[in-house]
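Down below is the structure, laid out as structure tokens.
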Amino acid sequence: MDKVIQEAKDSLEKGDLVAIPTETVYGLAANALNPKAVTKIFQAKNRPSFDPLIVHCASIEAIEEYVNGFPEKARYLAKQFWAGALTLVLPKKEIIPDLVTAGLDTVAVRVPNHPLTLELLEKLDFPLAAPSANPFGYVSPTSAEHVEEQLGDKVSFILDGGKSTIGIESTIISFAENEPIVYRLGGISLEQIEGAIGTIAVKTHSSSNPKAPGMLASHYAPRKKVKITKIEEYLENTESLEKVGILSFRKKYDNIQNEKQVILSEEGDFAEATQNLFAGMRYLDKQNIDIILTELLPEKDLGRAINDRLRRASV
Ligand code: TXA
Ligand code: MG
């Protein structure tokens with residue numbers, strides 16, 4: 001067995017935390033069947049215990065051990081998109097601790113698409129509970145360096161799998177009610193989901209009692225103020241641009257220094273923009289600026305998920 005996989009496995013079997021790479025974002029993983037280990041996740045992230053975790057397995061067959069029934073549409077989605085950036089919320093079996101699901105009778109499950117993490121999951125005899133590996137409310141990590149910077153001293157091992165290829169969290173679809181509902185827009189687009197199972201309701205709006213705290217209005221946020229605006233107009237009407245940074249979809253702006261600008265994709269490619277989004281936010285957060293100006297993308301495909309994160313970052 002690969003040395004790094006062995007090391008990750010040993011730590012997890014001891015009940016310790018390991019950061020795992022996935023195609024969406026890095027996860028902060030622990031043995032999902034061990035409440036003591038899961039408690040460490042909440043502590044390390046400073047995450048409120050009412051926010052349930054996603055359980056990760058290597059295959060649909062493995063997931064079937066933890067869910068109580070698999071509605072036809074859910075199974076179809078799983079077959080279509082796993083391993084991949086899709087999380088399904090399904091009725092849970094008793095074996096999943098209440099701590100993982102925040103006492104809900106459903107559990108969120110996903111087969112992530114990353115070779116190292118799939119190999120690790122195959123070698124473990126328990127599933128991994130893993131939220132994104134960032135302090136609660138902050139931007140999700142898309143590289144091992146991001147995890148190291150913020151949670152390095154809280155994990156026993158970081159399995160470095162390179163830069164996340166998708167770069168935004170999974171799309172969450174709940175089967176807790178009669179009809180499926182999208183709870184979080186993410187790496188599988190609404191167009192792809194509807195292409196598979198037809199029209200679906202989207203309920204990602206925040207409320208005071210969110211079903212998924214990823215639905216909280218303010219989330220995925222840099223520490224710097226983020227403002228969604230017509231960038232050109234803002235620049236024309238602002239006297240001092242010294243402390244202004246820009247997170248732009250495709251365009252570069254002349255009157256702002258290069259190092260204070262992040263261009264998500266010059267070609268206007270949604271997948272490229274998605275992959276660069278969180279690293280771009282983290283980069284700008286470190287610059288000597290007071291405000292990050294940004295703009296919404298066209299409201300389609302992955303543009304929807306990017307816009308959702310930009311809106312939450314700007315609250
Ligand atoms: O791409 C992803 O999904 C990443 C990687 C690591 O898999 N994970 C991730 O986890 O984004 P986290 O914890 O940051 O976001 C999971 C979201 C939370 O907003 C949580 O409230 C929701 O999933 N969730 C988990 N279990 C749920 C349940 N039973 N019902 C409703 N929402 C649930
Ligand atoms: Mg998260």
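Values quoted throughout were computed directly from the atomic coordinates according to the rules given, and no laboratory measurement underlies them. These figures come from a predicted structure and were not determined experimentally. Reconstructed Cβ throughout: ideal geometry from the backbone, glycine too, with neighbour counts over all protein chains shown.
Taking one equal scatterer on every alpha-carbon of the chain, how large is log10 of I(q)/I(0) by Debye at q = 0.07, 0.10 1/Å?
Debye intensities relative to I(0), on a log10 scale: -0.27, -0.54.
To the nearest 10 degrees, how steep is helix 72-81 against the longest Cα principal axis of the chain, on a 0 to 90 scale?
60 degrees
Helix-only mean residue ellipticity at 222 nm, the chain, DSSP H runs n ≥ 4 weighted -39,500 (n - 2.57), per residue, nearest 500. What is it?
Details: 11 runs with 100 residues, N = 315.
Result for the chain: -9000 deg cm²/dmol, rounded to the nearest 500.
Using Cα-Cα distances under 8 Å and only pairs 6 or more residues apart, what relative contact order does the chain have, in percent?
Details: 684 pairs, mean separation 59.4, N = 315.
The normalised contact order for the chain reaches 19 percent.
So for each of 226-234, 30-38 I average, over its residues, the number of other beta carbons within 10 Å; can you give me the resulting order with the highest mean first?
30-38, 226-234
If you fit an axis through the alpha-carbon atoms of helix 302-313 and take the longest principal axis of the Cα set of the chain, what angle between them do you get, 0 to 90°, nearest 10?
80 degrees
Mind giving me the FRET efficiency for Asp160 and Glu233? R0 is 41 Å, r the Cβ-Cβ distance, nearest 0.05 is fine.
My answer for the efficiency is 0.45.
Can you compute the equivalent ellipsoid semi-axes for segment 88-242, i.e. the square root of 5 times each eigenvalue of the Cα gyration tensor, sorted largest first and rounded to whole Å?
Those come to 30, 24, 16 Å.
What are the trypsin sites (Lys or Arg not before Pro) within segment 132-192 that DSSP puts in a loop, where the Cβ has at most 16 other Cβ atoms within 10 Å?
Numbers: sites: Lys154, Lys163, Arg184; in loops: Lys154, Lys163.
The qualifying sites are Lys163.
For a label point 7 angstrom out from the Cα of Glu122 toward its Cβ, which stretches of segment 59-85 have the backbone nitrogen within less than 12 Å?
59
Once fully extended, how much extra length lies between Glu61 and Ala102, figured as 0.36 nm per residue of separation less the alpha-carbon to alpha-carbon distance?
The span from Glu61 to Ala102 would gain 12.3 nm if fully extended.
Roughly how big is the chain's charge dipole about its Cα centre, with Cβ charges of +1 (Lys, Arg) and -1 (Asp, Glu), in debye to the nearest 20? Intermediate results must be reported in sequence, preceding the final value.
Numbers: 36 positive and 44 negative charges, 143 e Å.
Rounded to the nearest 20 debye, it is 680 debye.
If I fit a long axis through the Cα atoms of helix 270-285 and take the longest principal axis of the Cα atoms of the chain, what angle between them do I get, 0 to 90°, rounded to 10?
70 degrees
So how far apart, in nm, are the two label points at Asp2 and Glu94 if each is 7 Å from Cα heading toward Cβ?
3.8 nm
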